[in-house]
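Below is one structure, written out as structure tokens; comments come after it.
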Amino acid sequence: MDCVRSAVRGGSKATCLYRRGREEMPANDIEIEEALHEGVRFEYLTTPVRIEKDGGTLKLTLVKMELGEPDASGRRSPKPIAGSEYSVSATAVIGAIGQRVLPEPANELGLELTRNGVILTDPQTFQTKRAGIFACGDCQTGADIAVRAVGNGRRTAVAVDQYLRDEELIGEPVLFNSRMGPLDTVSEELFKDAKRQERITMPAISDNERLTTEKEVETGFVPAAARKEAERCLECGCDAVKACKLREYATKYGADQNYFGPPVEADSQRAYQADYTHPKIKMQTGKCINCAACVRACAEVKGLNVLGLVNRGFATRMLVPFGESLAGTQCDGCGECTRVCPTAGIREKKSPLPA
Ligand code: SF4
Ligand code: SF4
């Protein structure tokens with residue numbers, strides 16, 4: 001996509017040939033859309049089989065393809081259609097059929113490569129098979145997004161530091177992490193009070209202007225639009241991620257959040273539950289460890305009994321008794337309970353963004 005979109009900016013009429021269909025293209029859909037906007041032509045189910053010089057131009061022989069059964073990558077394999085050859089002419093042909101790591105520098109250092117041709121490292125420390133040589137980034141993962149390379153760079157730096165200090169080489173410690181789960185497994189009930197707001201379209205320069213400039217296509221949000229976009233956030237992240245005692249101790253003692261057997265199904269986890277009904281307080285009991293500190297704070301400091309421990313044994317939960325929601329109680333949002341919670345089981349809601 002970078003090649004065809006840059007070719008258009010260089011004044012060319014660019015055509016992208018692809019041997020599968022649009023559905024199978026590994027390119028980001030938004031990039032394909034933008035390329036179409038900018039006038040790039042796409043010829044799907046087409047593959048070049050020959051390139052020849054033809055006077056001052058190039059003659060490409062193409063063949064049409066049809067999709068067969070899915071291959072190892074899960075995408076349907078393209079097969080040539082007999083007798084479908086045709087030719088087109090072009091002034092330049094750019095082969096853009098993937099990226100690979102140049103093996104020579106790794107070979108010179110005697111580093112082992114994987115079957116995919118990237119440098120083999122320990123997944124936790126990023127140390128290669130040669131002690132004291134570390135590798136991260138695309139040469140270790142293959143072509144990937146920049147943010148992954150940056151993250152792995154930080155992890156590698158931790159391991160390099162351990163190596164240089166002659167400490168045990170363990171890399172960045174793996175912290176206990178408890179997640180709500182993928183969005184499609186979380187009950188919609190949790191977000192039933194959230195207002196559905198459509199995404200705001202990112203403003204962009206005109207199609208004509210794109211053809212004469214290398215400027216960023218997207219111009220960014222004005223502050224009011226950025227604020228409106230931020231307000232769509234469901235705040236599903238953890239408010240105590242840096243200061244959670246549950247995380248600290250679970251990491252220290254190697255805790256596993258899966259149940260270990262009856263009376264609850266083994267290997268199952270406690271379902272994520274939350275109560276976002278109160279204007280000032282949110283209860284995320286999926287992160288609660290039943291310490292009852294909030295129950296006591298409400299009773300002893302505030303003199304109310306808004307919260308309680310409900311049920312027994314593994315089924316015990318810190319909840320508003322009798323199945324009520326927090327908004328239906330005497331809770332005035334004083335926040336006493338939130339100040340003693342060692343996890344993010346109960347927290348004050350963040351203030352709305354300033355206008
Ligand atoms: S915010 Fe105050 S009143 Fe509400 S549950 Fe917590 S301690 Fe009780
Ligand atoms: S203080 Fe936090 S962790 Fe303890 S019972 Fe209350 S919500 Fe759960």
Practice prompt. Amide H neighbours of Ser77 under 5 Å, at least 5 residues apart or on other chains, H built in the peptide plane: list them.
Written response: Gly68, Glu69, Asp71
Worksheet entry | Given Lys242/Lys350; Lys195/Lys302; Lys13/Lys59; Lys195/Lys245; Lys13/Lys215, the pairs whose alpha carbons are separated by over 21 Å | Lys195/Lys302; Lys195/Lys245
Item to complete: Working from Cα positions, state the angle (0 to 90°, nearest 10) between the long axis of helix 146-164 and the longest principal axis of the chain.
Response: 70
Worksheet entry | Derived scalar couplings ³J(HN,Hα) [region 208-214; Karplus, 6.51 cos²θ - 1.76 cosθ + 1.60; whole Hz; x for Gly, Pro] | 5, 5, 4, 6, 10, 9, 9
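Can you tell me how region 104-164 classifies by the Cα gyration tensor, rounded, prolate or oblate, using a/c under 1.5 as the rounded cut?
Oblate is the answer for region 104-164, as a/c is 1.5 or above yet b/c matches or exceeds a/b.
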Worksheet item: When ranked by the protection proxy of mean other Cβ atoms within 10 Å per residue, highest first, what sequence do the peptides 213-226, 127-140, 56-69 form?
Response: 127-140, 56-69, 213-226
Worksheet item: Does region 2-90 come out rounded, prolate or oblate, given a ≥ b ≥ c as the square roots of the eigenvalues of its C-alpha gyration tensor, rounded meaning a/c under 1.5 and, failing that, prolate meaning a/b above b/c?
Response: oblate
Practice prompt. List every residue whose amide H lies under 5 Å from the amide H of Phe42, counting only residues 5 or more places away in sequence or on a different chain, with H placed 1.01 Å from N in the peptide plane.
Written response: Cys16
Worksheet item: So what is the calculated 222 nm ellipticity per residue for the chain, using -39500 (n - 2.57) for each DSSP H run with n of 4 or more, over all residues, to the nearest 500 deg cm²/dmol?
Response: -5500 deg cm²/dmol
Practice prompt. Give me the number: length gained by fully extending Arg22 to Asp54, i.e. 0.36 nm times residue separation minus the C-alpha to C-alpha distance, one decimal in nm.
Written response: 8.5 nm
Worksheet item: Distance from the Cα centre of region 73-120 to that of region 325-351, in angstrom?
Response: 56
Worksheet item: What residue among Met1, Ala149, Gly56 has its Cα farthest toward the positive end of the dipole of the chain, where the charges are +1 on Lys, Arg and -1 on Asp, Glu, each on the Cβ?
Response: Ala149
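Read-outs throughout are calculated quantities, based only on the coordinates presented, and are distinct from any laboratory measurement. As the structure is a prediction and not an experimental result, all values here were calculated from the model. In this analysis, Cβ positions are derived from the backbone assuming ideal geometry, glycine residues included, and neighbour counts consider all displayed protein chains.
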